[in-house]
Structures are given as structure tokens and as C-alpha cells.
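Enquirer: Quick one: structure below, then a few questions.
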Amino acid sequence: MKYVDEYRDADLVHKLAAAIRRLATRPWTIMEICGGQTHAIVKFGLDELLPETITLVHGPGCPVCVTSAELIDQAVELAMMSEVIVCSFGDMLRVPGNTVDLLTAKARGGDVRIVYSPLDAVTIAQENPAKQVVFFAVGFETTAPANAMSVLRAEHAGAGNFSILTSHVLVPPAMRAILGAADNRVQGFLAAGHVCTIMGTGEYGPIAREFDAPIIITGFEPVDILEGIHLCVKQLEEGRAEVENAYARAVRGEGNPHARRIVEQVFEVTDRDWRGIGMIPDSGLSVRPAYAAYDANQRFTLTHGDSNGSSECISGEIMRGVKKPHDCPAFGIRCQPEHPLGAPMVSSEGACAAYYRYRSRAY
Amino acid sequence: MCLAVPGKVIDIQGDDPLLRSARVSFAGVIKQVSLTCAPEAKVGDYVLVHVGLAISVVDELEAEETFNYLRQMGDLDGLEPIAGEKP
């Protein structure tokens with residue numbers, strides 16, 4: 001497949017790894033933000049090609065992982081209402097809330113449907129005018145345009161029975177929270193490529209300067225990721241802290257103006273409680289009052305509860321780069337993909353799922 | 001979740017910016033994709049698709065430039081993988 005296969009070229013991968021080994025003279029800790037990058041790193045064994053002095057830690061870029069248990073409880077609550085159809089990305093179904101997950105709600109008779117796109121949920125609303133259709137709108141900046149568009153499409157189609165349960169999160173405030181924590185050990189970032197496809201690169205310069213940390217906009221294939229690490233190590237070794245774009249085929253400086261306009265039209269910035277990490281100011285998106293008719297939290301009276309779920313899960317420390325999945329005593333024993341204690345074990349972007357799937361024999 | 005896959009635009013339907021869409025081929029698998037956020041996409045272009053939306057037209061020149069840069073990077077020239085490693 002064009003723009004995929006050539007970025008998995010083994011020869012180029014090994015040459016880039018060799019270049020990084022030559023470059024690194026001191027220990028460095030680099031965080032890849034996005035869970036998609038984490039999975040590529042673990043799946044292709046990219047971390048094992050690096051010198052021992054380079055440590056990759058895995059960031060919070062897994063929307064399923066940081067969605068609060070309270071919101072999952074609310075989705076379950078909605079699913080158990082006889083007049084409601086809950087539509088969700090498949091990843092969310094097995095994530096435990098404070099009591100049960102959406103899959104259990106489905107087994108108990110709730111109408112829970114997996115969709116590929118939020119726009120499919122609008123179609124389901126049009127096909128079921130007698131029902132209320134709620135889309136569980138999780139995601140980072142990458143997904144915000146599609147979720148915003150579902151609201152605009154519903155409005156355009158007159159689908160007044162459609163609403164979204166929003167749990168949108170934003171990357172730059174989380175990077176500030178990680179770098180500003182007392183126990184932080186992250187020295188440089190691989191920023192999430194597709195988040196920047198939407199938002200552009202402008203937000204990262206002030207973070208790089210304030211925290212003296214290089215930030216490399218990075219793609220998702222092995223060559224992309226190693227190029228990102230190479231540029232990051234080069235900056236660290238030279239004592240620079242700048243923003244560089246290693247994913248220029250998909251990221252322009254200003255981002256995607258059409259997508260940003262739609263997001264701006266439907267959503268506004270709000271404080272957000274991140275599961276395992278806690279409240280981060282101005283780190284989420286909620287539906288603007290002008291579109292309150294499409295906000296499930298306005299349309300239904302939902303119960304408010306605890307945001308963190310299991311107390312044994314150490315996902316917060318993993319997502320801040322302080323610990324790795326195998327540092328958790330429950331990893332692979334009490335916490336497995338079939339019976340997860342926390343979201344990073346179920347999500348296709350969760351660090352624990354990546355280690356369980358690709359590294360389970362090593363521990 | 002932020003997964004986006006590149007695919008080739010086969011044909012384009014509709015004029016309304018909110019409803020305009022394209023059939024996009026992902027190595028032969030065809031899907032209907034919204035072009036609301038990538039109105040500049042033309043037939044034959046590669047678009048990055050995330051949950052049913054084209055979020056970017058892949059910049060062919062930038063892609064080529066990256067490869068040229070990687071091939072020409074001074075410290076890669078003549079650099080062989082470390083002995084004992086599979087190339």
C-alpha cells in the first residue's frame with residue numbers, strides 16, 4: 001500500500017537505528033504521545049533496535065484509556081434506557097467503568113452498537129426516529145472534526161433524536177502536565193502526527209521553550225518513528241529544544257483550516273478529568289451552548305460519580321511515563337485483555353495491551 | 001483511535017460542502033469518505049482517512065523530499081548495520 005509499505009523498509013529502519021546509536025552519547029528519555037505509535041514501537045520491536053541509553057516511555061495518547069470511569073458509567077446508564085441506542089467505537093465496549101462495561105450492558109439487553117464512524121451513528125438515528133441515538137464521542141483533536149461533523153450532519157438532516165456523550169481531550173495541556181510534574185523524567189517528545197494534521201504545529205513552540213524539551217512531529221510507521229527519534233536525540237545531544245516536523249507529508253504548519261473551523265463551531269475548551277491522571281485545566285472539549293440540543297448530558301439526567309475505576313490499576317503512572325506496564329503487579333495476572341482492571345489493557349492503543357500482545361513471553 | 005489510513009480517491013460525489021464525499025480505495029477495499037475537511041482533494045490524490053473523514057491530502061512532494069533527505073543524510077551514507085544484525 002502506497003505511503004505505508006515504503007515506510008516499513010527494513011534496510012532503512014536498520015540504517016536509521018545505526019545512526020541513532022552513533023549519535024547517542026548519554027542517556028535520554030523520550031515519550032511518544034500517541035498510543036498508535038506505542039503499538040508500532042512494540043509490535044515492530046523498534047525500542048530493541050535502540051541503544052540501551054535511549055528509553056522510550058509511553059504517553060497518554062489513548063483516548064479510550066483516559067476517558068473517565070464516570071463517563072463509561074453514564075454510557076452504561078444510557079444503554080440501559082429502553083428508548084436509547086448507544087453507538088460507540090469498538091474499543092470502548094470492554095473498558096470497565098466503576099461497575100460494569102458497555103459489553104455487559106449489551107449482554108443485559110441494552111442496545112449498544114459498534115460503528116466505524118460517528119457519521120454512521122447519524123444514519124442510525126435517521127433510520128430509528130422513534131429512538132434516541134447517543135454517540136459516545138471520545139477522542140483527541142484528530143477525532144474532533146468527525147464528532148463535530150456528526151452534530152452538523154444531524155442538524156442538517158433534522159435528526160433531533162441524535163446526541164453525543166462527549167469526552168474529548170487535548171494533547172498540549174497533557175504534555176504540559178507531564179513535563180511539569182515533580183517526578184517527570186521525559187526529556188523530549190514525539191508529538192502525535194495526526195493530532196497535528198488537524199491542529200498544526202503552533203501550540204508546541206511555547207512548550208518546547210518553556211520546558212527546554214525538543215518536540216518532533218512524528219508519523220506512525222517504523223521509518224517515521226525512527227526518524228522522529230533520530231531528530232529528537234540529535235537535538236538533545238546538541239542542547240537544542242525546538243519543534244521539528246518529521247511528518248510533513250501529512251502535517252502543515254497551520255493544520256487543517258476546514259477541520260479546525262468545524263471543531264471551533266461545535267465545541268469549546270473546558271477542564272477535563274483524565275482517568276488515572278486527574279483534572280487538567282483547559283484540556284478537553286465540550287459542546288457549545290448553541291448546540292446544547294445535541295449534548296447527551298443536557299438531554300438526559302445522568303448520574304455523576306468517581307472518575308478513576310479500579311484502585312489497583314497504575315495506568316496514570318504508565319501514561320505519564322513514570323512506570324512501564326510490566327512494573328504493575330497485576331499485569332498479565334489479575335489484569336488481562338479478557339478481564340481488564342484498566343483501559344490500557346483493552347484499548348488497541350493502550351500500552352499494556354501492546355506489551356501483553358507482543359511481549360508477554362518476555363516477562 | 002488516531003489511526004488514519006492513506007487511500008486513493010476514485011471518484012467524487014456531491015456539491016454541498018457538508019455532504020461532499022468520495023469513494024476511496026485502500027489497496028482495493030473501497031469506502032465512502034467525507035471530503036468536508038479536504039475539499040481540495042482530486043481524483044487520483046491520496047487522502048489520509050480517519051473514522052470516515054479525509055483529514056488531509058498526502059503531499060507527494062514532501063513525501064519524496066523526506067525520502068531524499070533520509071537517503072542523503074550525511075551520517076547514513078556508507079553506514080552499515082552493526083555486524084551480526086539482519087539488514
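Read the figures in this text as sums done on the coordinates, not as results from a lab. Since we're looking at a predicted model, the values are computed, not measured. Neighbour counts are summed over all protein chains in view; Cβ atoms, including those assigned to glycine, are modelled from backbone coordinates with ideal geometry.
Enquirer: Give the residue from A:I314, A:G219, A:N256 lying farthest towards the positive end of the charge dipole for the protein assembly as shown; charges sit on Cβ (+1 for Lys and Arg, -1 for Asp and Glu) and the dipole is referred to the Cα centre.
Expert: Value computed over the given set: A:I314.
Enquirer: Moving to a separate point now. For region A:225-363, just say rounded, prolate or oblate: build the C-alpha gyration tensor, square-root its eigenvalues into a ≥ b ≥ c, call rounded for a/c under 1.5, and beyond that prolate if a/b exceeds b/c, oblate if not.
Expert: Working: a/c = 2.21, a/b = 1.08, b/c = 2.06.
Oblate shape, in that a/c is at least 1.5 and b/c is the bigger or equal ratio.
Enquirer: If you check each cysteine of chain A for another cysteine whose beta-carbon is under 4.7 Å away, which ones come up empty?
Expert: So far as the 4.7 Å Cβ criterion goes, A:C34, A:C87, A:C196, A:C232, A:C313, A:C328, A:C335, A:C352 stand without a partner in chain A.
Enquirer: Looking at chain A, which longest stretch skips every one of the GluC sites (Glu not before Pro) that is in a DSSP loop with at most 15 other Cβ atoms within 10 Å, leaving the sites themselves out?
Expert: Working: sites that count: A:E52, A:E83, A:E242, A:E254, A:E312, A:E338.
So the longest stretch without any such site is A:84-241.
Enquirer: Going by a ≥ b ≥ c, the root eigenvalues of the Cα gyration tensor, does region B:14-62 fall in the rounded group (a/c under 1.5), the prolate group (a/b larger than b/c) or the oblate group? The partial results should precede the final answer.
Expert: Working: a/c = 1.71, a/b = 1.19, b/c = 1.43.
Oblate.
Enquirer: With springs only between Cα atoms under 10 Å, which of A:G332, A:G35, A:G158 fluctuates most in a Gaussian network model of chain A?
Expert: Judging by the Gaussian network model, the answer is A:G158.
Enquirer: Could you work out the relative contact order of chain A, using alpha carbon pairs under 8 angstrom and six or more residues apart, expressed as a whole percent? Mind showing how you got there, number by number?
Expert: Working: 750 pairs, mean separation 82.9, N = 363.
Contact order relative to length: 23 percent.
Enquirer: Residue by residue through A:185-197, how many Cβ atoms from other chains fall within 10 Å of the Cβ on average? Write down the numbers at each step before the final one.
Expert: Numbers: counts 0, 0, 0, 0, 0, 0, 0, 1, 4, 8, 1, 0, 7.
Rounded to a whole number, the mean comes out at 2.
Enquirer: Which lysines does A:K106 reach when only Cα atoms under 24 Å apart count, and residues fewer than 8 places away in its own chain are ignored?
Expert: Candidates past the 8-residue exclusion: A:K131.
Enquirer: For region A:266-288 and region A:92-121, what is the centre-to-centre distance using only Cα atoms, to the nearest Å?
Expert: Comparing the Cα centres of region A:266-288 and region A:92-121, I get a distance of 22 Å.
Enquirer: Enumerate the residues in region A:36-70 having an amide nitrogen under 16 Å from the point lying 7 Å beyond the Cα of A:T270 toward its Cβ.
Expert: So the set is A:67-70.
Enquirer: Next question. Please determine, in degrees from 0 to 90 and to the nearest 10, the orientation of helix A:10-23 with respect to the longest principal axis defined by the Cα atoms of chain A, where the helix direction is its Cα long axis.
Expert: The two axes meet at around 60 degrees.
Enquirer: Now for a different question. Give a residue-ordered list of calculated ³J(HN,Hα) values for region A:279-287 (Karplus: 6.51 cos²θ - 1.76 cosθ + 1.60, θ = phi - 60°; whole Hz; x for Gly, Pro).
Expert: 6, 10, x, 6, 10, x, 10, 10, 6
Enquirer: For B:K42, list the lysines whose Cα falls under 19 Å from its own Cα; do not include residues on the same chain fewer than 8 positions away.
Expert: Within the straight-line cut-off, B:K42 pairs with A:K2, B:K8, B:K31.
Enquirer: Right, something else. What list of ³J(HN,Hα) values in whole Hz, one per residue of region B:4-18 in order, does the Karplus curve 6.51 cos²θ - 1.76 cosθ + 1.60 (θ = phi - 60°) give from phi, with Gly and Pro shown as x?
Expert: Computed from phi, the couplings for region B:4-18 are 9, 10, x, x, 9, 6, 8, 7, 10, 10, x, 10, 4, x, 6 Hz.
Enquirer: On to the next question. Any idea what angle helix A:171-180 forms with the longest principal axis of chain A, computed on alpha-carbon atoms, 0 to 90 degrees, nearest 10?
Expert: Roughly 50 degrees between the two axes.
Enquirer: Can I ask one more? Across peptide A:274-285, how many C-beta atoms of other chains are within 10 Å of each residue C-beta, on average? The partial results should precede the final answer.
Expert: On the way: counts 0, 0, 0, 0, 0, 0, 0, 0, 0, 0, 0, 0.
Mean partner-chain Cβ count within 10 Å for A:274-285: 0.
Enquirer: Which one, A:P27, A:I41, A:T55, is farthest towards the positive end of the dipole of region A:18-84 when Lys and Arg carry +1 and Asp and Glu -1 on their Cβ?
Expert: A:P27
Enquirer: Then there's this: Calculate one ³J(HN,Hα) per residue across region A:73-86 by plugging θ = phi - 60° into the Karplus curve 6.51 cos²θ - 1.76 cosθ + 1.60, and present them in order as whole Hz with x for glycine and proline.
Expert: Karplus-based 3J(HN,Hα) across region A:73-86 equals 4, 5, 5, 5, 4, 5, 4, 7, 7, 5, 8, 10, 10, 9 Hz.
Enquirer: Something else now. Mind jotting down the distance between the C-alpha centroids of region A:292-362 and region B:6-29, whole Å?
Expert: Their Cα centres are 35 Å away from one another.
Enquirer: Alpha carbon centre of region A:133-152 versus region A:23-53: separation in Å?
Expert: Answer, in whole Å: 31.
Enquirer: In addition: Among the lysines, which fall within straight-line cross-link reach of A:K234, defined as a Cα-Cα distance under 20 Å, with same-chain neighbours fewer than 8 residues apart omitted?
Expert: A:K15
Enquirer: Angle between the Cα long axis of helix A:257-266 and the longest principal axis of chain A, 0 to 90 degrees, nearest 10?
Expert: 40 degrees
Enquirer: Under a 5 Å amide H to amide H cut-off, with H placed in plane at 1.01 Å, what residues pair with A:D111 once short-range neighbours are removed?
Expert: A:V86
Enquirer: Using modelled amide H (1.01 Å from N, peptide plane; none on Pro or chain starts), what sits under 5 Å from the amide H of A:I54, excluding residues fewer than 5 places away?
Expert: Sorted by chain and number, the residues that satisfy this are A:W28.
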